[in-house]
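**Student:** What follows is a structure written as structure tokens; I'll ask about it next.
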Amino acid sequence: MGAPSPDNVFPLLNTSLLGRQLIYEQSVPSTNRLLAELAEGGAQEGLVVVAERQPAGRGRQNRSWFSAPEQNLTFSLLLRPALAAARIPEIALLTALSLHSALKTLFPDLLINLKWPNDLLFEGKKLCGILCESAITPAHGLQVVVGIGLNVNCPQQAFPPELQMRSTSLRIASGKEQDRSRILAEFLNQFEPCYQHWLQDRDLSAFLPAWQSADLLYGRNVTIDTPGGLVSGQAQGISPDGRLRLHLPDGRLTLVSCGDAHLAPLE
Ligand code: BTN
């Protein structure tokens, strides 16, 4: 199956902006890092960087991101939303939702869940991670780099031992090799109208029903590892600004801005 290069992706795209410029590389340290540098130099909204190998791939909370070479999708997309910076955290959730919707279109038989803030899981194992990084430069204003690592064709034995129990791929879930170009194009095709809709709205309200229908955490007892410490309670979906609604044991409702969610209690 073809590599996710311009030759293979362009014929499948029906976007007007996103992915119309696409850089395909064999190896870059991190597609997020390269795209941030290109953005600082004035790159236009919609530019996508895809790499087959990413030796210094970055994850959330300063973790690294493993991706088996030439098997998966590791790519970054540049956005320049003309919005208040306070709305930027919503982009990660919008990305997760659009990718979820694209995968539902391509793989209607797979039950894929969303895990706040922006993971996609299949049977409780991680299929995809999203890292959004934003900056403002005097010359070019706001840039948001949306980085996506999606495990597409990675066989189980190719994950390092520490990820074996926690990670999965579309190939493992579906039982066959999948076309990365088709998945990338379908994501961009679905993300573009969602992004335009979201830019015109005040918040994520229009997307909350879709989130709830795939929400892994909804109604479950969770512990969130936040920068300020652990918070436990019952997850009650997300608020229009993308924060997690958590029902605390004392009956209060709190909104959590960031952190890692765990279904099991943490010590
Ligand atoms: C996570 O921790 O779950 C987020 C992982 C994000 C990985 C992607 S792969 C493409 C892009 N480039 C990076 O260096 N990271 C993101």
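The values are calculated or read from the model by the stated rules, or taken from the named source; none is laboratory data. The shown structure was predicted, so the numbers you read here are calculated from the model rather than taken from an experiment. Counting neighbours? That spans all protein chains shown, and the Cβs are built from the backbone with ideal geometry, glycine included.
**Student:** Output the residues belonging to segment 166-195 that are outside any helix (DSSP H, G or I) and of a type in the set (K, R).
**Tutor:** R166, K176
**Student:** Cβ-Cβ below 8 Å, separation at least six or inter-chain, first residue in segment 170-194 and modelled with pLDDT under 95, second aliphatic (A, V, I, L, M) and surrounded by 22 or more Cβ atoms within 10 Å (Cβ to Cβ): which pairs?
**Tutor:** If the second residue must be aliphatic (A, V, I, L, M) and surrounded by 22 or more Cβ atoms within 10 Å (Cβ to Cβ), no pairs are left.
**Student:** Going through segment 1-42 one residue at a time, which ones are more than 16 Å from F187 (Cβ to Cβ) and β-branched (V, I, T)?
**Tutor:** I23, V28
**Student:** Further question: Within the group N113, N118, which residue is touching a Phe, Trp or Tyr at 6+ places or on another chain (Cβ under 8 Å) and within 16 Å of the ligand (Cβ to nearest atom)?
**Tutor:** Only one candidate passes the filter, namely N113.
**Student:** Of (1) touching a Ser or Thr at 6+ places or on another chain (Cβ under 7 Å); (2) modelled with pLDDT of 95 or more, A206 satisfies all except one. Which?
**Tutor:** Among (1) touching a Ser or Thr at 6+ places or on another chain (Cβ under 7 Å); (2) modelled with pLDDT of 95 or more, A206 violates only (1).
**Student:** With (1) crowded, with 19+ Cβ neighbours inside 10 Å; (2) closer than 30 Å to R20 by Cβ as the list, and G259 as the residue in question, which single condition is left unmet?
**Tutor:** Here G259 meets the rest and fails (2).
**Student:** Right, next: In segment 140-165, which residue that is in a loop (DSSP other than H, G, I, E, B) and in contact with a strand residue (DSSP E or B) (Cβ under 6 Å, 6 or more places away or on another chain) is nearest to A85 (Cα to Cα)?
**Tutor:** The selected residue is N151.
**Student:** May I pose another question? Only one of these is touching a residue at least 24 places away in the same chain (Cβ under 8 Å), surrounded by 21 or more Cβ atoms within 10 Å (Cβ to Cβ) and more than 14 Å from the ligand (Cβ to nearest atom): L93, L97. Name it.
**Tutor:** Result of the check over L93, L97: L97.
**Student:** Now for a different question. Is it the case, given these coordinates, that L253 is at pLDDT below 95 and either closer than 23 Å to R63 by Cβ or surrounded by fewer than 17 Cβ atoms within 10 Å (Cβ to Cβ) (or both)?
**Tutor:** Answer is no for this residue.
Here is a yes/no grid of residues against (1) of a type in the set (D, E); (2) out of contact with any strand residue (DSSP E or B) (no Cβ under 8 Å at 6 or more places or on another chain); (3) within 12 Å of the ligand (Cβ to nearest atom); (4) outside any helix (DSSP H, G or I):
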site: I23; (1), (2), (3), (4): no, no, no, yes
site: Q26; (1), (2), (3), (4): no, no, no, yes
site: P29; (1), (2), (3), (4): no, yes, yes, yes
site: A36; (1), (2), (3), (4): no, no, yes, no
site: E45; (1), (2), (3), (4): yes, no, no, yes
site: A51; (1), (2), (3), (4): no, no, yes, yes
site: P55; (1), (2), (3), (4): no, no, yes, yes
site: Q71; (1), (2), (3), (4): no, yes, no, yes
